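Accompanying notes for the structure given below.
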Amino acid sequence: TEVADIEVANSESKNLDGNELDRYTSKKTSSSKGSLEILNQLSRFWKDIKVLLFDKVYLTNSNADLLFGGVTIVCGIFGTLAGGYILDYIDSTISNAFKLLSGASFLGAIFCFSAFCSKNLYGFLFLFSIGELLVFATQGPVNYVCLHSVKPSMRPLSMAMSTVSIHIFGDVPSSPLVGILQDYVNNWRVTALILTSILFIAAGIWFVGIFLHSVDKFNEDSGHFSTTTERSDLLPLLEGSNKDTPESANS
């Protein structure tokens, strides 16, 4: 019986060694596959860079890039200024800022969506220019809400959080996500339409802000500053020295 037990134990140990060997082999195989995929991606990236740098295929779309960039610059400047001017004209309040944000985003979404549906170059430029003007018009109201929703001492932090949030939730993830979507859909028109549809969601979020209870804290005194009474009790240094001068002269 002891010999049989020893043989059973040896067979079990061999089975365990075989299982461990299989696990080790599978892990090694999976890690090698992962490294090969990374190397393949890097090689593809390097090939694309070589094509861009040496073959200069991007020059074929240079006119479109210049035209699109020029429209964006002009619409960005005038749209931003127009948004601030309109908000001042309709009475600058947080509620009106949300109304302007909702309306501009919704109309901008309509014009941009229509532009990407258009197959005519001039029609696209006209519709897209108006859409960009409306989208950029949201810059002023957004900054107004950020500044007037917090106490004066919190304004720098409010603007900093707004800027960081725009990058973290906006231009940083949008580029790779749009690239992944384009690789999946393989249709630039559909990709652009899906991307533009997000503006309708943004308009809905701004619309909800109209009905939220908001308090304008722009003129509130900050705890870091002294009150008017405290300021009046403080004498200027030069004035105090002037009052002391006659007394010192008489003495």
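Each reported figure results from applying straightforward, stated rules to the coordinates on display, with no laboratory input. Remember, it's a predicted structure, so these values are computed and weren't measured experimentally. All Cβ positions, glycine included, derive from the backbone under ideal geometry; neighbour counts span all protein chains shown.
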Practice problem: State which residue is farthest from ILE90 (Cα to Cα) when the search covers only region 108-143 and only residues that are surrounded by 17 or more Cβ atoms within 10 Å (Cβ to Cβ) and hydroxyl-bearing (Ser, Thr, Tyr). | Solution: SER114
Quiz prompt | Search result, residues across region 151-176 that are among the polar types (S, T, N, Q) and in contact (Cβ under 8 Å) with a residue 60 or more places away in the chain | solution = SER153
Quiz prompt | Some residue of region 123-138 being assigned to a helix (DSSP H, G or I), within 19 Å of GLY84 (Cβ to Cβ) and among the aromatic types (Phe, Trp, Tyr) | solution = yes
Quiz prompt | Candidates PHE116, PHE106, filtered to the one that is among the hydrophobic types (A, V, I, L, M, F, W, C), in contact (Cβ under 8 Å) with a residue 40 or more places away in the chain, in contact with a Lys or Arg (Cβ under 9 Å, 6 or more places away or on another chain) and under 22 Å from ILE198 (Cα atoms) | solution = PHE116
Quiz item: Taking region 80-103, which residues are part of a helix (DSSP H, G or I) and either under 20 Å from SER197 (Cα atoms) or β-branched (Val, Ile, Thr) (or both)?
Solution: THR80, ILE86, ILE94, PHE98, LYS99, LEU100, LEU101, SER102, GLY103
Quiz item: Between residues in region 196-222 that are farther than 24 Å from MET154 by Cβ and in contact (Cβ under 8 Å) with a residue 60 or more places away in the chain and residues that are among the basic types (Lys, Arg) and part of a helix (DSSP H, G or I), which pairs lie under 9 Å by C-beta distance while being six or more apart or on different chains?
Solution: PHE207/LYS99
